[in-house]
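The values are calculated or read from the model by the stated rules, or taken from the named source; none is laboratory data. Model, not experiment: these values are computed from the prediction. Here the Cβ positions follow ideal geometry from the backbone for every residue, glycine too, while neighbour counts run over all protein chains shown. These accessible areas exclude ligands, DNA and RNA; they are computed on the full protein's heavy atoms, side chains included. Shrake-Rupley method; radii C 1.70, N 1.55, O 1.52, S 1.80 Å.
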Amino acid sequence: MQRSKIDVWVGLFVLLGAAAILFLALQSANLLSLNFQPTYQLDAKFSDVGGLKPKAAVRSAGVLVGRVESITFDDKTFQARVTMSMDSRFAFPKDSSLKILTSGLLGEQYLGLEPGADENNLVAGDTISSTQSAVVLENLIGQFLYNSASGGGGSQPGKDKK
C-alpha cells in the first residue's frame, strides 16, 4: 500500500514535469501564446512578406503589441494580405506604418509598427496602407553581384588616370 502511494506521487510529478517542458517548448517556438487580453483585428498589404509567419510578433518601440494572425494572397491586387491581432490596450494613429523587420542578421521576421501623427486611431477592421516589404537577402546579393559585374569600367582607388 505504501509503495503504490509513492508510485502515484512520482508518476504525478513526472507528468507535471513533462507538461511544463512541452509548454515551454511551444512558447519558445511561438506555437502557443496565452493572451487573455481583448484584441482587435487590423489588415495590411505587402508586395513581399519574405519569411514572415503566422504568430510572428508585432512590435512598436520594441514592445510586443500584437501578433500576426494569418497571411493570405489577394488575387485581385497580387499582394499578400497580413491580418494582425492587436492588443486593445494599445491604440495607434490611422497614419501609422508597418515594416517587416528581422531580429538579428538571420533571425525571425516580425512586424515593426511605427505610430503616425493622425488624431484618429485605428479601429477593428482598418487596413494600414503605409507598408514596407521584407528585405530579401538573396535579392540584395544578386543586385550587388549584378552591379559589381556591370560597373567594372570605373577607376580604382590609388591609381591615377593619364
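Here the accessible area of region 104-151 is 54 percent carbon and sulfur, with a 1.4 angstrom probe and all protein chains present. Note on the chain: Lys pairs 8 or more places apart or on different chains, Cα atoms under 30 Å apart, count 13. Evaluated with a Cβ-only charge set (Lys, Arg +1; Asp, Glu -1), region 28-105 carries a dipole of roughly 140 debye about its Cα centre, given to the nearest 20.
In the chain, the sites counted are chymotrypsin sites (Phe, Trp or Tyr not before Pro) in DSSP loop states with at most 13 other Cβ atoms within 10 Å, and the longest stretch holding none of them, exclusive of the sites, is 79-162.
Considering only 44, 120, 144, and ranking their Cα positions along the charge dipole of the chain that arises from unit charges at the beta-carbon of Lys, Arg, Asp and Glu, the one farthest toward the positive end is 144. Subtracting the Cα-Cα distance of residue 27 and residue 139 from their residue separation scaled by 0.36 nm leaves 37.1 nm. Compared with the direct C-alpha span, the chain from residue 88 to residue 149 gains 16.9 nm at full extension, assuming 0.36 nm per residue. What number, in percent, do you get for the relative contact order of the chain if the mean sequence gap of Cα pairs under 8 Å and at least 6 apart is divided by its residue count? Rounded, it is 22 percent for the chain. Here the dipole of the chain is about 540 debye; that uses its Cα centre as origin and unit charges on the Cβ of Lys and Arg (positive) and Asp and Glu (negative).
Label positions at residue 97 and residue 119, each projected 7 Å from the Cα along the C-beta direction, are separated by 2.4 nm. Legend: Rg and Dmax of region 41-162, from Cα coordinates, 19.1, 68 Å. The calculated 222 nm mean residue ellipticity attributable to helices in the chain amounts to -8500 deg cm²/dmol, summing -39500 (n - 2.57) over DSSP H runs of n ≥ 4 and dividing by all residues. If one takes the longest principal axis of the Cα atoms in the chain, at what angle in degrees, from 0 to 90 and to the nearest 10, does the Cα axis of helix 2-28 lie? Relative to the chain, helix 2-28 is tipped by roughly 20 degrees.
Taking every protein chain into account, the accessible area of region 1-120 amounts to 66 square angstrom per residue (probe 1.4 Å).
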